[in-house]
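For reference, the structure discussed in these notes is given below.
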Protein chains: 4
Amino acid sequence: MKNLSIVALLHGPDRPGLVANVAGWIFQNGGNILHADQHRDEEEQVFFQRVEWSHPGSGDVVQAVAATFVAMARNDLKMECRIAVSNESSRVGVLVSKIPHCLRDIAFRFRQDEMRGHIACVISNHRDVESFCASVDLPFHHIPVDALGKSDAERAQLEIMRKYGVNLIVLARYMQVLSGDFIEAARIPIINIHHSFLPAFAGGRPYHQAYARGVKIIGATAHYVTAELDQGPIIAQDVAHISHRHSVDDLVRKGRDLEEIVFAQAIRWHLEHRVLVYKNKTVVFD
Amino acid sequence: MKNLSIVALLHGPDRPGLVANVAGWIFQNGGNILHADQHRDEEEQVFFQRVEWSHPGSGDVVQAVAATFVAMARNDLKMECRIAVSNESSRVGVLVSKIPHCLRDIAFRFRQDEMRGHIACVISNHRDVESFCASVDLPFHHIPVDALGKSDAERAQLEIMRKYGVNLIVLARYMQVLSGDFIEAARIPIINIHHSFLPAFAGGRPYHQAYARGVKIIGATAHYVTAELDQGPIIAQDVAHISHRHSVDDLVRKGRDLEEIVFAQAIRWHLEHRVLVYKNKTVVFD
Amino acid sequence: MKNLSIVALLHGPDRPGLVANVAGWIFQNGGNILHADQHRDEEEQVFFQRVEWSHPGSGDVVQAVAATFVAMARNDLKMECRIAVSNESSRVGVLVSKIPHCLRDIAFRFRQDEMRGHIACVISNHRDVESFCASVDLPFHHIPVDALGKSDAERAQLEIMRKYGVNLIVLARYMQVLSGDFIEAARIPIINIHHSFLPAFAGGRPYHQAYARGVKIIGATAHYVTAELDQGPIIAQDVAHISHRHSVDDLVRKGRDLEEIVFAQAIRWHLEHRVLVYKNKTVVFD
Amino acid sequence: MKNLSIVALLHGPDRPGLVANVAGWIFQNGGNILHADQHRDEEEQVFFQRVEWSHPGSGDVVQAVAATFVAMARNDLKMECRIAVSNESSRVGVLVSKIPHCLRDIAFRFRQDEMRGHIACVISNHRDVESFCASVDLPFHHIPVDALGKSDAERAQLEIMRKYGVNLIVLARYMQVLSGDFIEAARIPIINIHHSFLPAFAGGRPYHQAYARGVKIIGATAHYVTAELDQGPIIAQDVAHISHRHSVDDLVRKGRDLEEIVFAQAIRWHLEHRVLVYKNKTVVFD
């Protein structure tokens, strides 16, 4: 049988010997480092590390090793530490409105094992994606936000997420703004996808605005959701070149393609424990 | 001897027969169409055309043909029309502060005939690029904006531009804001280059802000200068992907590379009469 | 009711007056040009044009106008001409083996009206995509090439394609080489998608070869199928940057994303009559 | 005064404890790790590491530390090891023919401190770049390869390189094929830049071939020179999208822009000791 593996994401004030301490501890505790990536933020003097190691022990043994490592990192190295063991499963909860493409795209990526874990449930304020969910065996829940009121609806959403043991929420074109209460109560990361423009536009119908302004580049940004709308730490971004020959419909279509790829990229990196958040920015160990 | 050619840039309300009228006129007046590109803005119902044709006549004859065409376009077709004949020379005036890379880049591109026309003069509020100008035989003028005051300095700049017969001003990293008076009095197009970010940042030291925000993409935008700062019609844009591994210095360096390429692209398209401006956006017939 | 429109794709030896002749004819025959794009190959002295015009007549009238235009183009202008009227439907036949992603991607794009026309039938030498086809209501036919032998299998494939009135065949990761006989007998365009590398690799398992060679860029190319394997006219290409951090699995996944986007792009352009083939190269009026 | 730093590039068969051993040794020998990046080739089971650490000692002390590290790596860890101390200077020798753009580009990048080290000398088989070299104070040597014969010319080139203490040779559009004897006798890395196409082309005038084939993407590749022409380990690659609207001249110009950027990128990475070569591929710790 294949050995289990542990991933640790660490960060904290830089000081001599950190790499040696971490690597030495892992070696002395029976592990073999598979990947290790470090980064030092020169402006902030902060040290970041992602280290992944295999361990020959059973599930219980490896969980114990992981817990001991976290304690060591916090107490001895004074580092923040998040950890994951490869026998833990990722359960993703999806919030979506009417537009199906991002949901559909990740559904197939999970199915063909491009992404670790699985989609545990899909919740929507509309019924548009219900039949798609049925066709690919995804549990679907309809929570009509407008009818229930936002705060009751959010309570119901969280209850469903908890029932399925969801540990990551993703907003696959969810057109409602989540309240600060929801974000706080959820206590798990939330990933959102939205379009981006050079220059930026405020207000509605952004592709129409971009067309009217004659922008030559459109983009998509995936980020963690924070209380400040669309201002959370950026995980992934990509762009496409456009010209006056592209109609508003072309912009929308190219935007959709970008959204799918950037959204899937961000979720994949998160599920592989490659994303470290520090002061509203990310370090992505890709 | 090679025939002279004429480029016309037209735009106006769309109506049946425009393409036929233009093409028919050119054919009946002894021309042969080399390139023609049309565009119809579906949102605005406006028709745009760039048409380039050769004519076997002498310089005087071709100038007369061009003038007649403009009159026909305005009077018969009710179109706005700009025209250029291939024996007219483009004379570019450069405004630059201390950072030399954009100036240096276009200087070599003009020299190796990547760009039509030539640099007529370089004006700076500092002396940093003076020796470079000497080494490549470009007339250099020092106008100390702070010492003279902006309005006297701008008057002096315009006088020099006029003396050299400049018909395009380019801002090769010119760190002063041009006054609305200057822009109006110049009566010739002005092209600027600046960095762009996803998301956008206000205020100084943008690369430091981008680093602090953890952006994954940086960009550069070339645009025509209007009275509203950095809000003029966009001509060209490009981007580069970055990661946490890039320091602020790396961002600055990658930004410089982008600025050079986007700035040169915009100037080249302008000098080849490929850029049509309409309502603060451009149609670029590339 | 909206007017019908006609698209003509023309090419032939350049000579004075072509644009005027075409535009004049359309105007005199009651049409209004919506888009026109010309290109002149300076090396070959060949003129290319895509012109799209609307006409107020009924279906029969517009078909007659289109037929008259073709005759005029061939006889009077000595140009090759292909024509399409907007009331004609595109029926796409898909050949696919086991890998489903390209089929699935275009199925959803047709369904959300990103592409003109529809998928008429899916034929595979395996049964892997059968249940997917059922879930999205696409007629599926299993033709076991190995069991039947290539020439009988190809005859059966062509018969099915004809039964559905297919006018474009697309190879959505079809892992069999089509015979020259099939290509000739089909008499309709065939579009293929394959991966591309810098530098190129011969032989099997290309992603493993690319990994072993340490390439920094992988790509995908969509092209028309000709008798010479993978050497037909290129319609669309795109690339992604990779590094040593990407495993072979990452390369395969990124390759899949590229294949979907490039394949869909090529099919969309073909169905919008934007692709003109000349001497094993394409002119794409995008 | 700022501490000196050491960069080590290591590779060899993977086994448990390598990261711990390296980090532990550095810590125990008075160093502080600034950056460390590891990679494990899953196909080859080879471990790669780039580790950079600062040391408070004087120049002689740090050189001794570096030498001891190399001995430890080779004897105790059984790893190949290359090392560089930050007080050692990089001296680059340039071979160039007539086309100046790559030479000019790196000359300015070295001058504005984008690249570590400096250009020690420029050798050409023509006199075209002589005056440029004079204008930026670079020693120029003319070695007429055709007149002297290749083997005498190469001997003269190597002699000059040695006189200047060159430790990296770069081919800035050098249109002669270096002999296997030269490559072997030089005993220092040689970096070349060349254009790349999808698909690849053999033979002369590649941009004309690419135009004739209607390729949609052109690229540039920088690689280390080996005895097999243009087949050495790839360091950097980039591409640009093109269309039928681009003439052969446009392709050449876009190719030049790509060549400059890719060439400079490869040289920068090499001079920062970020490139590890293994079995004709590179691991670039960017």
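The values are calculated or read from the model by the stated rules, or taken from the named source; none is laboratory data. Computed from a prediction, not measured in an experiment: that's the story for all the values here. Counting neighbours? That spans all protein chains shown, and the Cβs are built from the backbone with ideal geometry, glycine included. To get the accessible areas, we keep the full protein, side chains included, count just its heavy atoms, and leave off ligands, DNA and RNA. Shrake-Rupley method; radii C 1.70, N 1.55, O 1.52, S 1.80 Å.
Mind checking which residues of segment D:83-111 are of a type in the set (Val, Ile, Thr) and more than 17 Å from the chain's Cα centre (by Cα)? Once the filter is applied, which keeps residues that are of a type in the set (Val, Ile, Thr) and more than 17 Å from the chain's Cα centre (by Cα), segment D:83-111 yields D:VAL85, D:ILE99.
Does segment A:138-155 hold any residues that are part of a helix (DSSP H, G or I) and among the β-branched types (Val, Ile, Thr), and which are they? Walk me through it before giving the result.
Pass one, segment A:138-155, residues part of a helix (DSSP H, G or I): A:145-148, A:150-155.
Answer for segment A:138-155, where residues must be part of a helix (DSSP H, G or I) and among the β-branched types (Val, Ile, Thr): just A:VAL145.
Restricting segment B:103-137 to residues that are within 14 Å of chain D (Cβ to nearest Cβ), part of a loop (DSSP other than H, G, I, E, B) and open to solvent by 30 Å² or more (accessible area, probe 1.4 Å), which is farthest from D:CYS133 (Cα to Cα)? The residue in question is B:ARG116.
Residue check: is C:VAL225 at negative phi and touching a Gly at 6+ places or on another chain (Cβ under 9 Å)? Yes. Among all positions in segment D:111-126, there is no residue which is at pLDDT 95 or above, within 30 Å of D:VAL65 (Cβ to Cβ), touching a His at 6+ places or on another chain (Cβ under 8 Å) and aliphatic (A, V, I, L, M).
Please go through segment D:71-106 and pick out each residue that is within 22 Å of D:ALA186 (Cβ to Cβ) and hydrophobic (A, V, I, L, M, F, W, C). Those that are within 22 Å of D:ALA186 (Cβ to Cβ) and hydrophobic (A, V, I, L, M, F, W, C): D:CYS81, D:ILE83, D:ALA84, D:VAL92, D:VAL94, D:LEU95, D:VAL96, D:CYS102, D:LEU103, D:ILE106.
Of the strands (runs of 3 or more DSSP E) lying entirely inside segment B:1-90, those containing at least 1 residues that are open to solvent by less than 50 Å² (accessible area, probe 1.4 Å) and within 21 Å of C:GLY31 (Cα to Cα) span B:4-13, B:32-41, B:46-55. Whenever a residue of segment D:271-286 is more than 8 Å from chain C (Cβ to nearest Cβ), its partners that are in a strand (DSSP E or B) and among the basic types (Lys, Arg), lying with C-beta atoms within less than 9 angstrom and at least six residues away or across chains, give the pairs D:HIS273/D:ARG50; D:HIS273/D:ARG82; D:ARG274/D:ARG50; D:LEU276/D:ARG50; D:LEU276/D:ARG82; D:PHE285/D:ARG50.
Listed by first and then second residue, the pairs with beta-carbon distance under 9 Å, at least 6 apart or on different chains, first residue in segment C:98-121 and on the phi > 0 side of the Ramachandran plot, second among the small types (Gly, Ala, Ser) and surrounded by 17 or more Cβ atoms within 10 Å (Cβ to Cβ), are C:GLY117/C:SER90.
All of A:TYR207, A:TYR174, A:TYR224, A:TYR164 fail the test of being in the same structural domain as A:ILE267 (by TED's automatic domain parsing), among the hydroxyl-bearing types (Ser, Thr, Tyr) and within 30 Å of B:GLU44 (Cβ to Cβ), apart from A:TYR207.
Residues in segment B:230-270 that are more than 11 Å from chain A (Cβ to nearest Cβ) and more than 23 Å from B:ARG213 (Cβ to Cβ): B:GLU260, B:ILE261, B:PHE263, B:ALA264, B:ILE267, B:ARG268, B:TRP269, B:HIS270.
Residues are listed down the side, and each one gets a yes or a no for (1) in a loop (DSSP other than H, G, I, E, B); (2) in contact with a helix residue (DSSP H, G or I) (Cβ under 9 Å, 6 or more places away or on another chain); (3) over 30 Å from A:ASP181 (Cα atoms):
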residue: A:ALA210; (1), (2), (3): no, yes, yes
residue: A:ILE218; (1), (2), (3): no, yes, yes
residue: A:HIS223; (1), (2), (3): no, yes, no
residue: A:GLY232; (1), (2), (3): yes, no, no
residue: A:ILE235; (1), (2), (3): no, yes, no
residue: A:HIS246; (1), (2), (3): yes, yes, yes
residue: A:ASP257; (1), (2), (3): no, yes, yes
residue: A:GLN265; (1), (2), (3): no, no, no
residue: A:ARG268; (1), (2), (3): no, yes, no
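Scanning segment A:7-17 for any residue that is within 8 Å of another protein chain (Cβ to nearest Cβ) and either among the hydroxyl-bearing types (Ser, Thr, Tyr) or touching a residue at least 60 places away in the same chain (Cβ under 8 Å) (or both) turns up nothing. Please determine, by comparing only the residues of segment D:166-213 that are of a type in the set (D, E, K, R) and over 30 Å from C:HIS39 (Cα atoms), which one is least open to solvent (accessible area, probe 1.4 Å). Here the residue is D:ARG173.
Taking every residue in segment B:205-217 that is more than 14 Å from A:GLN231 (Cβ to Cβ) and more than 7 Å from chain A (Cβ to nearest Cβ) and pairing it with any residue that is part of a helix (DSSP H, G or I) and open to solvent by 20 Å² or more (accessible area, probe 1.4 Å), at least 6 positions away or on another chain, the pairs with Cβ-Cβ distances below 7 Å are B:TYR207/B:VAL252. Each residue in segment A:271-281 was checked for being more than 21 Å from C:ILE242 (Cβ to Cβ) and of a type in the set (Val, Ile, Thr), and 1 of them qualify.
Among residues belonging to segment C:156-184 that are of a type in the set (Val, Ile, Thr) and assigned to a helix (DSSP H, G or I), point out the one that is farthest from C:GLY232 (Cα to Cα). Even if it seems obvious, please write down each step before you answer.
We begin by selecting, within segment C:156-184, every residue of a type in the set (Val, Ile, Thr); these are C:160, C:166, C:169-170, C:177, C:183.
Subset that is assigned to a helix (DSSP H, G or I): C:160, C:183.
Numbers: C:ILE160: 25, C:ILE183: 12 Å.
This residue is C:ILE160.
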